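Undergrad: This structure is in structure tokens; I'll ask about it shortly.
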Amino acid sequence: MTQPIHKAIVPAAGLGTRLLPATKSQPKEMLPVGRKPVVQYVVEELQAADLTQILIITGRRKRAIEDHFDPDPVLLSALEQAGNEAVLAELAYIQRKSRFFYTRQSSPKGLGHAIALGADFVDNEDCVVALGDSLIAGEDPAAPLRAMMQAHRELKAAAVVAVEQVPPDEAHRYGIASIQGSEPPPGEPVAMTDIIEKPPRGTAPSTLAVAARYVFSPAIFEALARTLPDRQGEIQLTDAIKLLIQMGQPVYAWLLRPDQRRYDVGNFESYFRTFIDFALADERYGYLARQYIKAIAYEL
Ligand code: UTP
């Protein structure tokens, strides 16, 4: 029987150029979405899926990520002495049972290159990859990963890749998967027959876009090692997955259910949308945010 997966890689070393100047001196993965930085949602999702060893791929100007997950005894004792239980509870994420590891990608040579830096950490086991700038909404954000890990085990897959439906005129922005058959049922693995990174407008083979969560067997590291850089000199994860398919390895797409929406902060449009949706859904401040939006709605 295969071991349960307990290792995850979180790539967070990209330059975030589409979010300048906000990302000039701070990582985009630390941008707040409501009351928490994006990468905290990602880590909490991984912890809820019992992934206890988390490798974050960082880079220059990314130190704030390490600080965020580092217990700060001075801050904690100041809060304790002040009896500030409510704020202490907000910092509970630091104490949860997971170990953090960090490695630096000195120059951002692509998502595939970043993940390849995790090969020694993964050490021939299966692993999860969760992009540090993307989060999953819903009652239980870890539900997709749990189901994907189960499917990965049952199917002895090389890869199970989360996908979501996107409008046809946006397909050129994403990695796009081709699958066996037509419309896949949400929440079930479907064999992937091909995958292409950012197809030119109007040429996408489907509207199934790769959605920032993956479960891999160690074969991905062999595929990454054999993947050539693209025209921009970047090693694309999508190209390595394509190679896995060409190598005859079992690769599956896993369609997120409509209530398990993927959000990202990759550009200002998606960041604003993400922030607004999460602020409106906030259990403590959502009511005030909704009231405010209603009040100004007539001006929009
Ligand atoms: P993106 O391609 O959206 O991020 O990568 P980017 O390169 O930071 O964005 P722009 O184009 O410059 O605005 C998605 C995730 O993969 C990580 C990013 O940090 C992000 O979390 N990534 C990307 C790396 O870790 N290394 C890379 O070389 C590229």
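The values are calculated or read from the model by the stated rules, or taken from the named source; none is laboratory data. Predicted model, so just to flag it, every value in this text is computed and none were measured. Glycine gets a Cβ as well: all are built from the backbone with ideal geometry, and neighbour counts include every protein chain shown.
Undergrad: Collect the residues in segment 24-51 that are basic (Lys, Arg) and assigned to a loop (DSSP other than H, G, I, E, B), keeping them in residue-number order.
TA: Of everything in segment 24-51, those that are basic (Lys, Arg) and assigned to a loop (DSSP other than H, G, I, E, B) turn out to be Lys24, Arg35.
Undergrad: Here's another thing I want to ask about it. Only one of Arg261, Arg201 is of a type in the set (Lys, Arg) and in contact (Cβ under 8 Å) with a residue 40 or more places away in the chain; which? Break it down stepwise before answering.
TA: Working: Arg201 fails: in contact (Cβ under 8 Å) with a residue 40 or more places away in the chain.
Exactly one of Arg261, Arg201 is of a type in the set (Lys, Arg) and in contact (Cβ under 8 Å) with a residue 40 or more places away in the chain, namely Arg261.
Table: residues versus (1) more than 16 Å from the ligand (Cβ to nearest atom); (2) in a helix (DSSP H, G or I); (3) closer than 26 Å to Gly112 by Cα.
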site	(1), (2), (3)
Leu224	no, yes, yes
Arg273	no, yes, no
Glu283	yes, no, no
Gln291	yes, yes, no
Leu300	yes, no, no
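Undergrad: Determine, yes or no, whether Gly286 is small (Gly, Ala, Ser), within 24 Å of Glu29 (Cα to Cα) and out of contact with any Lys or Arg (no Cβ under 6 Å at 6 or more places or on another chain). Explain how you work it out, then say what you get.
TA: Numbers: small (Gly, Ala, Ser): yes; within 24 Å of Glu29 (Cα to Cα): yes; out of contact with any Lys or Arg (no Cβ under 6 Å at 6 or more places or on another chain): yes.
When the stated conditions are applied, Gly286 passes them.
Undergrad: Further, regarding this structure: Answer with yes or no whether Val43 is within 16 Å of the ligand (Cβ to nearest atom) and in contact with an Asp or Glu (Cβ under 7 Å, 6 or more places away or on another chain). Write out each step before concluding.
TA: Values: within 16 Å of the ligand (Cβ to nearest atom): yes; in contact with an Asp or Glu (Cβ under 7 Å, 6 or more places away or on another chain): no.
When the stated conditions are applied, Val43 does not pass them.
Undergrad: A further question on this structure: Inspect all residues belonging to segment 247-263 and state whether any of them is of a type outside the set (Gly, Ala, Ser), more than 24 Å from Gly187 (Cα to Cα), away from the ligand (no atom under 16 Å from the Cβ) and assigned to a helix (DSSP H, G or I).
TA: Taking every residue of segment 247-263 in turn, none turns out to be of a type outside the set (Gly, Ala, Ser), more than 24 Å from Gly187 (Cα to Cα), away from the ligand (no atom under 16 Å from the Cβ) and assigned to a helix (DSSP H, G or I).
Undergrad: Give segment 139-184 a look and list any residue that's of a type in the set (Gly, Ala, Ser) and surrounded by 15 or more Cβ atoms within 10 Å (Cβ to Cβ), or say none.
TA: Ala142, Ala143, Ala147, Ala151, Ala157, Ala158, Ala159, Ala162, Ala171, Gly175, Ala177, Ser178
Undergrad: Where residues in segment 1-18 are aliphatic (A, V, I, L, M) and within 6 Å of the ligand (Cβ to nearest atom), which of them is modelled with the lowest pLDDT?
TA: Looking at residues that are aliphatic (A, V, I, L, M) and within 6 Å of the ligand (Cβ to nearest atom), I get Leu15.
Undergrad: Same structure again: Filter segment 122-146 down to residues that are among the acidic types (Asp, Glu) and closer than 13 Å to Ala48 by Cα and give me whichever is modelled with the lowest pLDDT.
TA: Glu139
Undergrad: Hey, another quick one. Just the residues that are in contact (Cβ under 8 Å) with a residue 60 or more places away in the chain and in contact with a Leu (Cβ under 7 Å, 6 or more places away or on another chain), please, taken from segment 269-286.
TA: Within segment 269-286, Tyr271 is the sole residue that qualifies.
Undergrad: So in segment 19-40, with the set limited to residues that are within 14 Å of the chain's Cα centre (by Cα) and more than 8 Å from the ligand (Cβ to nearest atom), which one is farthest from Arg262 (Cα to Cα)?
TA: Met30
Undergrad: Could you please give the count of residues in segment 78-119 that are under 30 Å from Asp239 (Cα atoms), more than 10 Å from the ligand (Cβ to nearest atom) and of a type in the set (Val, Ile, Thr)?
TA: Total meeting the criteria: 1.
Undergrad: With respect to the numbered conditions (1) over 26 Å from Ser270 (Cα atoms); (2) among the aromatic types (Phe, Trp, Tyr); (3) out of contact with any Ser or Thr (no Cβ under 7 Å at 6 or more places or on another chain), which one is the sole condition not fulfilled by Tyr93?
TA: The one condition Tyr93 does not meet is (1).
Undergrad: Please indicate, with yes or no, whether at least one residue in segment 187-199 is surrounded by 20 or more Cβ atoms within 10 Å (Cβ to Cβ), within 20 Å of Asp50 (Cβ to Cβ) and within 18 Å of the chain's Cα centre (by Cα).
TA: no
Undergrad: Considering only residues that are within 16 Å of the ligand (Cβ to nearest atom) and either free of Cβ contacts under 8 Å to residues at least 24 places away in the same chain or of a type outside the set (Phe, Trp, Tyr) (or both), which ones fall in segment 120-159? Show your work before the answer.
TA: Residues of segment 120-159 within 16 Å of the ligand (Cβ to nearest atom): 121-122, 127-136.
Result: Val122, Cys127, Val128, Val129, Ala130, Leu131, Gly132, Asp133, Ser134, Leu135, Ile136.
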